[in-house]
1. Scan the stretch 33-48 residue by residue and report those that are touching a helix residue (DSSP H, G or I) at 6+ places or on another chain (Cβ under 6 Å) and open to solvent by 50 Å² or more (accessible area, probe 1.4 Å).
2. Does the stretch 22-33 contain any residue that is under 22 Å from the mean Cα position of the chain (by Cα) and at negative phi?
3. Could you please find all residues in the stretch 49-67 being of a type in the set (Ser, Thr, Tyr) and either surrounded by fewer than 10 Cβ atoms within 10 Å (Cβ to Cβ) or within 20 Å of residue 23 (Cβ to Cβ) (or both)?
4. Please identify the pairs in which a residue from the stretch 70-92 that is surrounded by 10 or more Cβ atoms within 10 Å (Cβ to Cβ) has its Cβ atom under 9 Å from the Cβ atom of a residue that is in a loop (DSSP other than H, G, I, E, B) and of a type outside the set (S, T, N, Q), counting only partners at least 6 apart or on another chain.
5. Please tell me if residue 17 is surrounded by 10 or more Cβ atoms within 10 Å (Cβ to Cβ), among the polar types (S, T, N, Q) and over 21 Å from the mean Cα position of the chain (by Cα).
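The values are calculated or read from the model by the stated rules, or taken from the named source; none is laboratory data. Note that this is a predicted model, so its numbers are computed, not measured. Neighbour counts are summed over all protein chains in view; Cβ atoms, including those assigned to glycine, are modelled from backbone coordinates with ideal geometry. Quick note on the areas: whole protein, heavy atoms, side chains included, nothing else; ligands and nucleic acids left out. Shrake-Rupley method; radii C 1.70, N 1.55, O 1.52, S 1.80 Å.
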Amino acid sequence: MPTTAAPREERIELRATREEKRLLTAAAAHERLDLTSFVMRNALPAARAVVEQAERIVLSRRDSERVLALLEKPPAPTPALMEAARRRAART
């Protein structure tokens, strides 16, 4: 089932040199796109990759095994953790 794209209502201002703008405009024309579509088509995948990389934690095998072991047998809470839990409970 085809989905309709959300209307682009937000604005982004870019500063470019005359040569940069000429190059982007020429590239967009070769792709038969308007400048906005060309920039968005190329910038969005890069932005998604950056965000995904920044928000993902990749553990080594050793670290993964350590996390799993701690989940299976968590350590006893420390006095500092117990005090923090008491303070938190008192606030709510």
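1. Let us first name the residues in the stretch 33-48 that are touching a helix residue (DSSP H, G or I) at 6+ places or on another chain (Cβ under 6 Å), namely 35, 38.
35, the sole residue that qualifies.
2. To start, the set of residues in the stretch 22-33 that are under 22 Å from the mean Cα position of the chain (by Cα) comprises none.
Looking for residues that are under 22 Å from the mean Cα position of the chain (by Cα) and at negative phi, one finds none in the stretch 22-33, hence no.
3. 60
4. Pairs found: 85/77.
5. So residue 17 does not fit the description; no.
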